[in-house]
Amino acid sequence: MKIKNLKPSKASVKVQTTSSHRSENKDSLSGFPKTFEKFSKSRNTNESSNSIPEKTVHTVSLLQLFRFSTFSERIILAFGSLFSVVTGSALPLVVVLFSNLSAEFIKYSKEVVLNPQLAKSDLKTGVKYNCLFIVAISAAALISAYIQNVSFSIVSERNSLRIRELYYTSVLRQNMAWFDKTFAGDLTTRISSDVVLIQDGTGPKLSLLIQLTTTFVSSFVIGFIKGWKMALVVMSIIPVLVVIGLFMSISVDKKTKVTLECRAKSGSIANEALSSMKTVMAFNGQKRESARYNSSNDLAAKAELSKSFSLALGLGGIYFCTYAIYSLGFWYGSKLIRMGQLDPASVLNVFFAFVIGGFSLGGAAPSISAVTSARGAAANVFDVIDRVSPIDPIEMDNGVKVDSFIGEIEFDNVSFSYPSRNDTKALDGFTMKIKPGQKVALVGHSGCGKSTTIGLIQRFYDVDSGSVKIDGVDIHQYNVRSLRQNMGIVSQEPVLFDTSILKNIQYGAKDYEKSPPTFEQIVQACKEANIHDFIMSLPLKYDTVVGERGAQLSGGQKQRIAIARSLIRNPQILLLDEATSALDTESERLVQDALDRSSKNRTTITVAHRLSTIKDSDVIYVCNKGRVVEYGTHEELVGRNGAYSALVNAQTINSEYLEPLETESKKFDLEKIHKEKFLSIDLSKTIKEPELELEDTVIVSNKSGISSLIKIFTCDRKNMIPFIPGLLGSAIDGSIFPLLAIFYAKMLASFSETDFAKQKKDTDLYSLIFLILGIVVFFSVFCRTYFCSLGSLKATEKLRSDFYKSIIFQDSKFFDKTENGTGSLTARLASEPEGIYKFGSESFPMTLTSFFSMIVGISISFSRDWRLTLIMLVIFPLIVYSEGEQQKSMFGRVKKSKMVSEASAKEAAETVSNIRTVAALTRELMFIENFCKNNSKHYGYAIKSCFYGGISFAFSQSLMFLFYALAFYFGSLFVLNGTLSIESMFGAMEAIVFASVALGQSSQHLSLAPKALVSSVKLVESLSTKPKIDIKNPDGRSITDIKGELSFLNAEFSYPSRIDVKILKGVSLNVKPGTTVGLVGSSGSGKSTIINLALRLYDLLDGSVKLEDVDVKDWNLHSLRNEPALVSQEPSLFDVSIAENIRYGKPDATQQEIEMAAKAANIHQVIIDLPDGYETRAGANG
């Protein structure tokens, strides 16, 4: 089959619009196992996290997992399914031949006494005929198994790639109201983890499930054909199996969904904290963030353990029923022989058909688990894909499209409440009319609705009542993309993307995809924004990469680049939301002049607190509680002595004061050179552009993962205790399977017994033994499944916690590195511990089971006959070699996949976290295309690996049949020459065959190993990374009598990410206790750097920083950061209550202290006007 290249970028925009409905079933997880309680008690959880939240749980059907597959992929899937059926039918056919061969030996044992020559001749003929058939089936199975595995592998790769792209596309086309209620970390976690689960459940494991189901059904069909009476009796146990299977499936479905929800919440918490690390560090919030993360993970762990308990009961029950089938079949079959209703060959056919059927049902457990998890994960992902956004920024066809606006804007009695706060009106009867080309300003206290109007003009939200019109047309009638393309906006907190300055400014173009701006246009926009000279001083100039959220630049530099980005669009409507708030006085004057010039002949709306910037506006609207209370020019409003006049007086601004302000700015020019000598920055060198090649940015060590895995699981001896019963269960289960060879040989001997009384006695005994073994297997499988899951869960939950702590307790240097972007770290937190958990709970115990089956089987075989055993072992090296090659191929594939997934997660996190900027710039399609390109980098390599990986699987499925052929052929030779008894031959043969089955099955279990090995190496390296500035270090001085004296002496400093750029050159500064000191200077001159150094977010290269005359390096770091209080230029709030956000600065603050602080910040009244007051959730990013 020729597989055509997948074109992700095309697939990504074909989004389904059918809504999917959630089931109303709830999951309370009542009665979950108590074993986990001790594990979770030590965690610091809040009251709302004490129980698992009820979730609306639903899953998608198996066929819906492929709903986004193309016609050609479904054809490939159909072929794969067909060949899965062929492979699954091979074993029951071989069992028929096996039974026929067994019957030939029974016949020989009876006839050899009467006619030796005829008996030998018949045995030779029968063995040769049947063995040739087995070899032919083996060859057919080799081909069909290869096609089966490759088909499903390719389709799952393509399907998961498309789902990942469709999900990302659907996320970017949602409206802002949806984002207000959805966590950014939740969305990015689903990209990196849930889609992986879908891929796992739609790939080779699904093909194996079809194969084993076919084996199960075929075996029962053969059983009915060969002996319907015996089959009918044995079938009486099937209803019990069905009930157990349904219980297990329903329970596991529910718990999987709850686990995924909680993990997504954990990812959101991590994303929130990691994107605000300077705030976390400044307020010593690492322990609080760790507790929040652990609290959510505790809920996920409880659900996961409850799922494991259900799975353990279900699998144990299935295995018990399987052995009960063996017992009942053996007992009733022997009875039918004595009654003369069936011959031994038919009984053997029926018996072994049920043996193989039962064994295939038990072997399908990992595949059932994977498919079930995929269905649960797909429900979350498909919900997002299926959601139809009421405001779709990607829709190209609907609505009125315009090339430009005239610029008339009208708000007519608009009322609006944010969807997350329906009870609070942000606008209440807001009316405003702006003529084309007017410069309009909106002023008022915080929360009065100024920025809300900016959002409504861009149609981020729809109004509750009233209307917003542009050029006399309601904005509902415009195409959303066209509407936003004709506006320019500069926000209070400018967001730059982790790419070059050139690209960031190009993103502002009206139609970047089709008509990107020229370099000359970009330079002109930068000159107008007063940023060109700074850019040209950089070594890479416009190709300089700015870092995540523009982290490599100062606030003022970011804001000026954002202004240039807005000007490049040359919009008819310009929206300025505190556009110059981060600029120094000189830059503000120059940029304000540029904005004033650019405002000519275009409608400009300015939101401002600094009234000096809007005094020349044509109309100033004063807002209060969502309404316009007065409007007019600056002079008119001051003359009315109303609300605006009160604002002016509060800022001590009046017409007499504003005049000298212009003069003062000119003085700044004269003093600029002197100040730059004091707070100097060498602009001849600066930010280095990091390599963008994926292989360089995401590093995976080649260090052996085995020692890392051992270290992870053995680092806490207490967590190893549950593995004792778990691994004991694996050993017992693995040992019992080849022991069946002994009873099989005894059974054959009893069937040839002519004394029916003795035969009845023997068969009754062996039937009872089978039933006892079934009880033993029930407990061993339960212990293996549950206790290995418990041990792995304890180890990996500790690992999750330690890994998160190792990240969140790092210093600023760590977070400045490109590879440690928020999205990459969040993706690693979601995927790497999960891969190790899967290995410890599924792969390792099942592999150990296979290992014991192999060892015991080979030992039994050697005890029966060493010659036959050695002959059969010839094929073992082929299996081992093919398995090794597959693991090698998968290891490389996993490494590449990790590189791509982390890079994709990083970009997804950046765009989703900054969705307002993406929407305002109308860059959704561009980011979707970039995302698709990044994902497709891994695609070609993954498809190659699919073709290689199928070889090992095919060998594992077919070589077992060669064991049968070799065993019977050479066994017959030894029997014929009298050197081996029939019973010994069957004992040796069956033991080694069971060992080969175990080795073949280990292939599917070992598929999880490469991912675990790669993850373990990266995790151990991360856990061993110690920060130079270590907040956990208990050493250092703690001074209680704080007066407030701070000094810098000859301070020299460069940021670690740009070591060749001196930000501070010999700065000396002395702040006396009780004094107020202002730091002024041009953007990038080092003002914020001084604040960072005072908090010891970085260390100086030379000189000293002292607090209370003690070098900050000699302070206990926790105590040092406890003293200052930081209000940053871009404040970060967390998605907890307002009270918790205020308490972040003092964890033990009382409610009274919180309210006093709010009153001092002039926000108390706004808070208490909210329906939930101080308990109102701040939402993502505040």
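The values are calculated or read from the model by the stated rules, or taken from the named source; none is laboratory data. Because the structure is a prediction, the values reported are computed rather than measured. Neighbour counts run over all protein chains shown; Cβ positions are idealised from the backbone, glycine included.
List the residue pairs whose Cβ atoms are under 7 Å apart, where the first residue sits in segment 501-512 and is under 16 Å from ASN930 (Cβ atoms), the second is of a type in the set (S, T, N, Q) and surrounded by 22 or more Cβ atoms within 10 Å (Cβ to Cβ), and the two are 6 or more positions apart or on different chains.
Pairs that qualify, where the first residue is under 16 Å from ASN930 (Cβ atoms) and the partner is of a type in the set (S, T, N, Q) and surrounded by 22 or more Cβ atoms within 10 Å (Cβ to Cβ), are TYR512/GLN506.
If we keep just the residues of segment 102-149 that are among the β-branched types (Val, Ile, Thr) and free of Cβ contacts under 8 Å to residues at least 60 places away in the same chain, which is nearest to VAL86 (Cα to Cα)?
Applying the filter and picking the extreme gives THR125.
Quick check, is ILE855 in a helix (DSSP H, G or I), under 29 Å from SER369 (Cα atoms) and modelled with pLDDT of 80 or more?
In short, yes.
Restrict the check to segment 1016-1036 and report whether at least one residue is more than 30 Å from the chain's Cα centre (by Cα), at pLDDT 80 or above and on the phi > 0 side of the Ramachandran plot. Outline the logic, then answer.
First, pick out the residues of segment 1016-1036 that are more than 30 Å from the chain's Cα centre (by Cα): 1033-1036.
Within this subset, residues satisfying the condition of being at pLDDT 80 or above are 1033-1036.
Next, from what is left, pick out any that are on the phi > 0 side of the Ramachandran plot: 1036.
Yes, the conditions are met somewhere in segment 1016-1036.
Given (1) within 14 Å of ALA920 (Cβ to Cβ); (2) touching a helix residue (DSSP H, G or I) at 6+ places or on another chain (Cβ under 6 Å); (3) among the hydroxyl-bearing types (Ser, Thr, Tyr), where does SER451 come up short, assuming only one miss?
Against the list (1) within 14 Å of ALA920 (Cβ to Cβ); (2) touching a helix residue (DSSP H, G or I) at 6+ places or on another chain (Cβ under 6 Å); (3) among the hydroxyl-bearing types (Ser, Thr, Tyr), SER451 comes up short only on (2).
Within segment 257-278, take every residue that is among the basic types (Lys, Arg) and closer than 30 Å to SER1128 by Cβ and give me the one that is surrounded by the most Cβ atoms within 10 Å (Cβ to Cβ).
Of everything passing the filter in segment 257-278, LYS265 is surrounded by the most Cβ atoms within 10 Å (Cβ to Cβ).
Residue by residue through segment 452-481, note down the ones that are of a type in the set (S, T, N, Q) and buried (at least 18 other Cβ atoms within 10 Å of the Cβ).
THR452, THR453, GLN458, ASN479
Looking at this structure, is PRO366 surrounded by fewer than 23 Cβ atoms within 10 Å (Cβ to Cβ) and over 30 Å from TYR478 (Cα atoms)?
Values: surrounded by fewer than 23 Cβ atoms within 10 Å (Cβ to Cβ): yes; over 30 Å from TYR478 (Cα atoms): yes.
So PRO366 passes the test.
Surrounded by fewer than 22 Cβ atoms within 10 Å (Cβ to Cβ), of a type outside the set (S, T, N, Q) and within 30 Å of ARG1143 (Cα to Cα): which single residue out of GLY1036, GLY1086, GLY1103 fits that description? Can you show your working first?
On the way: GLY1086 fails: surrounded by fewer than 22 Cβ atoms within 10 Å (Cβ to Cβ); GLY1103 fails: within 30 Å of ARG1143 (Cα to Cα).
Every option except GLY1036 fails the conditions.
Can you confirm whether segment 776-794 contains a residue that is out of contact with any Gly (no Cβ under 8 Å at 6 or more places or on another chain), in contact (Cβ under 8 Å) with a residue 40 or more places away in the chain, at negative phi and surrounded by fewer than 20 Cβ atoms within 10 Å (Cβ to Cβ)?
Among the residues of segment 776-794, at least one is out of contact with any Gly (no Cβ under 8 Å at 6 or more places or on another chain), in contact (Cβ under 8 Å) with a residue 40 or more places away in the chain, at negative phi and surrounded by fewer than 20 Cβ atoms within 10 Å (Cβ to Cβ), which makes the answer yes.
Could you say which residue among ARG173, ARG164 is closer than 26 Å to PHE927 by Cβ, modelled with pLDDT under 90 and surrounded by fewer than 24 Cβ atoms within 10 Å (Cβ to Cβ)?
Going through ARG173, ARG164 in turn, just one is closer than 26 Å to PHE927 by Cβ, modelled with pLDDT under 90 and surrounded by fewer than 24 Cβ atoms within 10 Å (Cβ to Cβ): ARG173.
Could you tell me how many of the residues in segment 206-232 are surrounded by 18 or more Cβ atoms within 10 Å (Cβ to Cβ) and either of a type outside the set (Gly, Ala, Ser) or farther than 19 Å from GLY363 by Cα (or both)?
Looking only at segment 206-232, we keep the residues that are surrounded by 18 or more Cβ atoms within 10 Å (Cβ to Cβ), and these are 206-216, 218-220, 222-223, 226-227, 230-231.
Right, trim to either of a type outside the set (Gly, Ala, Ser) or farther than 19 Å from GLY363 by Cα (or both) and you get 206, 208-216, 220, 222-223, 226-227, 230-231.
Qualifying residue count for the region: 17.
Which one of the conditions (1) farther than 22 Å from ILE858 by Cα; (2) part of a helix (DSSP H, G or I) does LEU740 fail to meet, given that it meets all the rest?
(1)
For every residue, the table says whether it meets (1) at pLDDT below 85; (2) in contact with a Ser or Thr (Cβ under 6 Å, 6 or more places away or on another chain).
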site	(1), (2)
ASP696	yes, no
ILE706	yes, no
PHE723	no, no
LEU727	no, no
SER730	no, yes
PHE751	yes, no
ILE772	no, no
VAL776	no, no
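Find the residue count for segment 918-956, including only residues that are assigned to a helix (DSSP H, G or I) and in contact with a Phe, Trp or Tyr (Cβ under 8 Å, 6 or more places away or on another chain).
Total satisfying the criteria: 10.
Does segment 490-500 include one or more residues that are more than 36 Å from the chain's Cα centre (by Cα), buried (at least 18 other Cβ atoms within 10 Å of the Cβ), part of a loop (DSSP other than H, G, I, E, B) and outside the structural domain of ILE928 (by TED's automatic domain parsing)?
No, because not a single residue in segment 490-500 is more than 36 Å from the chain's Cα centre (by Cα), buried (at least 18 other Cβ atoms within 10 Å of the Cβ), part of a loop (DSSP other than H, G, I, E, B) and outside the structural domain of ILE928 (by TED's automatic domain parsing).
Restricting to segment 1133-1155, count the residues that are of a type outside the set (A, V, I, L, M, F, W, C), at pLDDT below 85 and assigned to a loop (DSSP other than H, G, I, E, B).
Residues in segment 1133-1155 being of a type outside the set (A, V, I, L, M, F, W, C), at pLDDT below 85 and assigned to a loop (DSSP other than H, G, I, E, B): 6 in total.
Do we find a residue being assigned to a helix (DSSP H, G or I), in contact with a Pro (Cβ under 8 Å, 6 or more places away or on another chain) and β-branched (Val, Ile, Thr) anywhere in segment 106-118?
Within segment 106-118, one or more residues are assigned to a helix (DSSP H, G or I), in contact with a Pro (Cβ under 8 Å, 6 or more places away or on another chain) and β-branched (Val, Ile, Thr).
Applying the selection to segment 430-485, what residues are of a type in the set (S, T, N, Q), within 21 Å of PRO419 (Cα to Cα) and in a loop (DSSP other than H, G, I, E, B)?
SER446, GLN458
Quick check on VAL1061: is it under 40 Å from the mean Cα position of the chain (by Cα), assigned to a loop (DSSP other than H, G, I, E, B) and either surrounded by 14 or more Cβ atoms within 10 Å (Cβ to Cβ) or not acidic (Asp, Glu) (or both)?
For VAL1061, the condition - under 40 Å from the mean Cα position of the chain (by Cα), assigned to a loop (DSSP other than H, G, I, E, B) and either surrounded by 14 or more Cβ atoms within 10 Å (Cβ to Cβ) or not acidic (Asp, Glu) (or both) - is met.
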